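**Q** Sharing a structure, written as structure tokens. Questions coming.
Computed from the coordinates by the stated procedures, all read-outs in this text should not be read as laboratory data. Note that the structure is a prediction, hence the values are computed from the model and not measured. Positions of Cβ are generated from backbone atoms using ideal geometry, with glycine treated the same way; all protein chains shown enter the neighbour counts.
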Amino acid sequence: MVILRRYRGPWNLDLCFRPFFLPGLMNLAGNQLPLTVVNKVQYAHYDVPRVAEYFKLPLRKMPDPVKTLVEKGSLPAMRFVTAVANVKPTLVEEVSRQLFWRLWHHDEDITEAESFKEVGERAGLSKEDIQQCLEMLKTTAVKENLKKETEYAYKKGAFGAPYIIAHANGEEHYLFGSDRFPILAVVLKKKWLGPDPSSPSELDDFMTSKH
């Protein structure tokens with residue numbers, strides 16, 4: 001999400017962020033959550049700092065990722081984003097961004113009503129809009145909308161996140177993973193300038209540095 005936002009101007013992107021429920025998607029696809037695979041957990045432990053440095057993101061290691069990502073999960077957050085999509089669709093992107101920073105930088109809750117109030121305020125939602133979204137969280141309409149979005153992602157070939165559908169040259173192109181942006185550049189016939197186009201640094205530069 002962050003990289004796409006950085007390239008919105010340089011690549012003239014028209015971005016549309018659509019929420020889906022990751023565990024639900026992986027269940028449909030017969031996939032496993034990364035944290036259920038011991039080696040993936042161990043790998044992530046030392047890979048997160050490298051990813052953070054390369055992509056220039058202030059990510060933090062979670063003290064208890066299993067509790068945060070599996071036990072507490074993201075269902076309430078995705079329902080909140082789904083409600084926002086109905087109440088103020090233009091703020092879906094910013095609400096999603098605020099949830100990302102809250103979880104991955106501040107290691108703060110993204111499941112409780114008070115958390116959504118803070119996220120909503122930072123994203124620009126009015127108090128009335130926030131209250132309406134909170135009231136919608138447990139409604140059948142929001143649950144069904146999120147379910148439909150999850151099924152839509154699956155039908156488009158998704159099996160995990162992040163999943164990008166790029167529309168170019170009259171076709172849809174599907175990309176999975178946070179390492180596919182150079183491939184996306186090829187699809188869009190654009191130039192990849194590294195993780196931050198305002199300060200280009202190619203992968204080769206990263207790999208040949210002091211690490």
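**Q** If you place +1 on the Cβ of every Lys and Arg and -1 on the Cβ of every Asp and Glu, how big does the dipole about the Cα centre of the stretch 1-80 come out, in debye to the nearest 20?
**A** My answer is approximately 220 debye.
**Q** Moving on to the next point. Under a Cβ-only charge scheme (Lys and Arg +1, Asp and Glu -1), can you give me the dipole magnitude of the stretch 2-207 about the Cα centre, in debye to the nearest 20? Could you put the intermediate results ahead of the total?
**A** Details: 28 positive and 27 negative charges, 66 e Å.
Here the size comes out at about 320 debye.
**Q** Lys127 to Glu71: FRET efficiency via 1/(1 + (r/R0)^6), r the Cβ-Cβ distance, R0 22 Å, to the nearest 0.05?
**A** Values: r = 31 Å, r/R0 = 1.39.
My answer for the efficiency is 0.10.
**Q** If I take the Cα coordinates of the stretch 111-176 and project them onto the principal axes, what are the three extents in Å, biggest first?
**A** The Cα atoms of the stretch 111-176 stretch 42, 26, 20 Å along the principal axes, largest first.
**Q** How far, in nm, would the chain grow between Ala166 and Gln32 when pulled straight, counting 0.36 nm per residue and subtracting the alpha carbon separation? Mind showing how you got there, number by number?
**A** Values: separation 134, 0.36 × 134 = 48.24 nm, distance 2.50 nm.
Length gained between Ala166 and Gln32: 45.7 nm.
**Q** Could you give me D for the chain, from Stokes-Einstein at 37 °C and 0.692 mPa s, where the hydrodynamic radius is the Kirkwood radius over C-alpha pairs? Units µm² s⁻¹, please.
**A** 177 µm²/s
**Q** Strictly greater than 19 Å: what percent of every Cα pair in the stretch 81-195 meets that?
**A** Numbers: 3822 of 6555 pairs.
When every Cα pair of the stretch 81-195 is considered, 58 percent fall beyond 19 Å.
**Q** Once whole DSSP H runs in the chain are found, which of them have Cα atoms spread over 20 Å or more along the helix axis and a mean Kyte-Doolittle score of at least 1.0? Kindly include the intermediate steps, with their values, before the conclusion.
**A** On the way: long enough: 38-55 (25 Å, -0.44); 140-155 (22 Å, -1.38).
Helices passing the filter in the chain: none found.
**Q** Bin width 10 Å, origin at 0, all Cα-Cα pairs of the stretch 140-186: what percent of pairs per bin?
**A** Using 10 Å bins, I get a P(r) of 25, 43, 24, 7, 0 for the stretch 140-186.
**Q** Next question, about the same structure. Quick one: which residues, 5 or more positions from Phe21 or on another chain, have an amide H under 5 Å from its amide H? H modelled 1.01 Å from N in the peptide plane, none for Pro or chain starts.
**A** Thr150
**Q** Let me check the size of the stretch 24-127 from its C-alpha atoms; what are the radius of gyration and Dmax in Å?
**A** For the stretch 24-127, the Cα-based Rg and Dmax read 15.0, 44 Å.
**Q** Taking the dipole about the Cα centre of the chain, with the C-beta of Lys and Arg at +1 and of Asp and Glu at -1, give me whichever of Ala29, Thr90, Asn169 is farthest to the positive side.
**A** Result: Asn169, furthest along the dipole toward the positive end.
**Q** Can you tell me which lysines have their Cα less than 24 Å from the Cα of Lys72? Leave out same-chain residues fewer than eight positions away.
**A** Lys40, Lys61, Lys117, Lys138, Lys143, Lys147, Lys148
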